[in-house]
Amino acid sequence: MSLQTISQLTQRPNYNPMKLITYVNDHYSVRKTLEHLVDMFAQHPSELSQHISKNQELKLEVGEISANGQFIELKYPKTLKEKHKKTKKVSSELLFFEIISQQNEYNKLLSQLLNAITEYNRSHPPLWSDESSFFGINIAVPLSSQNPEYIPELIHFLSSTNINQEIALEEDLNHIFRSTDWSSQTLDLLAARSTIIKGSSGHQQITKQLESKSLQHYFENEQNQNKLLEKITIYALLNYAEKEGKESPQRTIEDALAPFIKHSEAFEHKCRFLIRSFVDHFPDYLPINKTSLHHPNFR
């Protein structure tokens, strides 16, 4: 059956949750669903308005049509609910994207949809899927967990949200950290979480991550420490630009390094050198020049 959007099925005025008929075991049906969503965000954003609440919630209800013509919403299995904390609301939307993200054939369409949501957020009030989660995070997290190459798109998406109003984001990002090995991509996420997507609990989350044995083992390699600090520098520069100079360069870099400076003696030495170097050479500071992480005094 082709995709249909069922409207007028709620008594709530001026707000109709978007009910999507799709069959998760039917590849054609899933593709049509994703293509329809991409088209709505990229080409017909005005049509979304009837599905957006006053609180900027865009709620998707995904399900099938029974033999007697009734809409049957996908139900989240109780056995899987346990992996989500109470801050994370489970839904048919969450289940749908978790299921299809496990099949690589949809990655391109999921990426297109995530980018279309990001662009929508940049020209409209950012969307929520419910009172706890940003709309689109249920696409970005499973996609990035399955393939860390999509983490830059996740960061780009999060920079378009009301990041300071995060509620369940720590849980979402922890799922990625648990699901993937430490690499250049996950270091990107760690660095961004300390700067442009810091939100309300970014530094707290990083402090907890630094206590994990896997990250401690990864940082036993000094080059990995340097790689992280290079990335933090880049994101700190971007953060300074996005705040349009409302914070000083010193405050910007000090805040970015705050979770790391007390982690170990080696990190403290490097962070303090980085702060001095960042301030002394701002705004022409580049992480690859002789004044930064590759300077012999830094090692």
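Nothing in this text is a laboratory measurement; each read-out follows from the coordinates by a stated rule. Remember, it's a predicted structure, so these values are computed and weren't measured experimentally. For neighbour counting, all protein chains shown are included, and Cβ atoms are generated from backbone atoms with ideal geometry for every residue, glycine included.
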Could you calculate the contour length gain from residue 165 to residue 149, that is, 0.36 nm times the residue separation minus the distance between their Cα atoms, to one decimal place in nm? 3.1 nm
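Treating the beta-carbon of each Lys and Arg as +1 and of each Asp and Glu as -1, no other charges, what is the dipole magnitude of segment 36-187 about its Cα centre, to the nearest 20 debye?
380
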For a label point 7 Å along the Cα-to-beta-carbon line of residue 102, residues of segment 145-160 with backbone N under 19 Å: 145-148
Which label marks the calculated value of mean projected area of the Cα convex hull in nm², given the options [x] 17.0; [y] 15.3; [z] 16.2? [x]
Starting from the Cα-Cα distance between residue 26 and residue 222, subtract it from 0.36 nm times their residue separation and give me the gain in nm to one decimal. 65.7 nm
Report, in debye and to the nearest 20, how large the dipole of the chain comes out about its Cα centre when Lys and Arg carry +1 and Asp and Glu carry -1 on their Cβ. 520
Gaussian network model of the chain, springs between alpha carbon atoms under 10 Å - residue of 212, 160, 91 with greatest fluctuation: 212
For a quick check, take a GNM of the chain with Cα springs below 10 Å and name the residue from 22, 180, 118 with the largest mean-square fluctuation. 180
Would you mind putting 106-113, 131-138, 184-191, 45-52 in packing order, based on average other-beta-carbon counts within 10 Å, highest first? 131-138, 184-191, 106-113, 45-52
Degrees, to the nearest 10: 137-146 long Cα axis against longest axis of the chain: 60
Which pairs break 29 Å Cα to Cα here: 88/270; 83/227; 32/208; 198/270? 88/270; 83/227; 32/208
List every residue whose amide H lies under 5 Å from the amide H of residue 128, counting only residues 5 or more places away in sequence or on a different chain, with H placed 1.01 Å from N in the peptide plane. 57, 58, 135
I'd like the projected area of segment 99-214, averaged over all directions, using the convex hull of its alpha carbons. Report it in nm² with one decimal. 6.8
Using 7 Å Cα-to-Cβ label points, what is the residue 71/residue 211 separation (nm, one decimal)? 4.4
Sequence-distant aspartates and glutamates (8 or more away, or on other chains) whose Cα lies within less than 17 Å of residue 243: 254, 255
